[in-house]
1. Across the range 226-243, which residue is nearest to Lys270 (Cα to Cα) among those that are outside any loop (DSSP other than H, G, I, E, B) and open to solvent by 20 Å² or more (accessible area, probe 1.4 Å)?
2. Of all the residues that make up the range 84-117, how many are of a type in the set (S, T, N, Q), open to solvent by 10 Å² or more (accessible area, probe 1.4 Å) and within 26 Å of Ala172 (Cβ to Cβ)?
3. So which residues in the range 43-56 are charged (D, E, K, R) and either open to solvent by less than 10 Å² (accessible area, probe 1.4 Å) or farther than 15 Å from Ile116 by Cβ (or both)?
4. Going through Phe149, Phe144, Phe131 one at a time, which residue ends up being closer than 28 Å to Ala209 by Cα, in contact (Cβ under 8 Å) with a residue 40 or more places away in the chain and touching a Ser or Thr at 6+ places or on another chain (Cβ under 8 Å)?
5. For Gly59, are the conditions met, namely being open to solvent by less than 10 Å² (accessible area, probe 1.4 Å) and on the phi > 0 side of the Ramachandran plot?
6. (1) open to solvent by 30 Å² or more (accessible area, probe 1.4 Å); (2) touching a strand residue (DSSP E or B) at 6+ places or on another chain (Cβ under 7 Å); (3) among the small types (Gly, Ala, Ser): which one isn't true of Gly8, the others all being true?
7. Name the pairs: first residue in the range 17-43 and closer than 16 Å to Val4 by Cβ, second residue among the basic types (Lys, Arg) and part of a helix (DSSP H, G or I), Cβ to Cβ under 9 Å, at least 6 apart or on different chains?
8. Among the listed residues Glu207, Glu212, Glu195, identify the single one that is assigned to a loop (DSSP other than H, G, I, E, B), in contact (Cβ under 8 Å) with a residue 12 or more places away in the chain and acidic (Asp, Glu).
Amino acid sequence: MTLVMVEGEKLKLSNLSKLMWPEDGITKADFINYFVQIAPYLLPHLKDRPVVFTRYPEGIHGESFYQKNAPDYAPDWLNTYTVVSFSGGQKKEIRYVLINDLKSLVWAANQASLEIHPWLSRIGSIDYPDFAVFDLDPMENTDFEDARFLALALKRLLEMEGLKGFPKTSGATGIQVYVPLESRYTYRQVRTFAEFFCRVLEKTFPEKATIERNVKKRKGRVYLDYLQNVKGKTLIAPYSPRPFKGAPVSAPVTWDELERGVVPSMFTVKNMPERLKKTGDLFKGVLEERQKIDRWL
């Protein structure tokens, strides 16, 4: 157990020598240090957003589990946000963690939260997402190259309509394109907007793209998942690691980089801090741009 002081709070860090990515020699201490290094770039994308963690206490080859509710042992200073819902006459409460500062991020890292999945909206406007998400997910017999092709086609479609999109790798085989919006559209409206563009891509490239919800019928095509635009759904945060060999991260990239043929394995826990020093936050526009989509509603 190691005791550290972060932003005026004492944190007990445990199992620091535990290998999180054994093949890459990345320990829990290395992982925590990674989050500390990228915090200035990551935290703005997490601020005031309920988050879901995927935890890997024994590393990427051990058992993992999702955590929505803040655990009972969470420190008193950790900010949370409670979402109340009703199903079948039963009241359900989920107390989500908010990662608004470095001490909260270090606390989450010490829980072996290798993946952080934030909501698309903030607690001050929880019913109104800040962006539309296009999740391009390769299915069987497709790969990142197919997703890259469709992402670039989507870019051209958006540009024709005067809209900006910002791409990032999922850290696995897919690509996610975020279209920042004025925070006044409902999730249903944002979903309608995203569905429109996904249908255009499907009709234009029927051999490559599909919005088919039946998994068995998607074979050989990239799934265009506009249904990610639902209240309570989450996506992997930019710069969040993934539990795969090589320790890849979900990496914002430029459209030029996509044109030149980048691949997800190029962006890892080991090299992302240095890349950020050179490029800055390529996803900054997602937080700053505000676009209207009234004409598609």
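The values are calculated or read from the model by the stated rules, or taken from the named source; none is laboratory data. Predicted model only: the values in this text are computed from it and were never measured. Every residue, glycine as well, gets a Cβ built from its backbone with ideal geometry; the counts of neighbours run over all protein chains shown. Heads up: the accessible areas ignore ligands, DNA and RNA and are worked out on the full protein's heavy atoms, side chains in. Shrake-Rupley method; radii C 1.70, N 1.55, O 1.52, S 1.80 Å.
1. Restricting to residues being outside any loop (DSSP other than H, G, I, E, B) and open to solvent by 20 Å² or more (accessible area, probe 1.4 Å), the top hit is Gln228.
2. Qualifying residue count, the range 84-117: 2.
3. Across the range 43-56, the qualifying residue is only Arg49.
4. Phe144
5. Spelling it out, Gly59 is indeed open to solvent by less than 10 Å² (accessible area, probe 1.4 Å) and on the phi > 0 side of the Ramachandran plot.
6. Status for Gly8: all satisfied but (2).
7. Ser17/Lys28
8. Glu207
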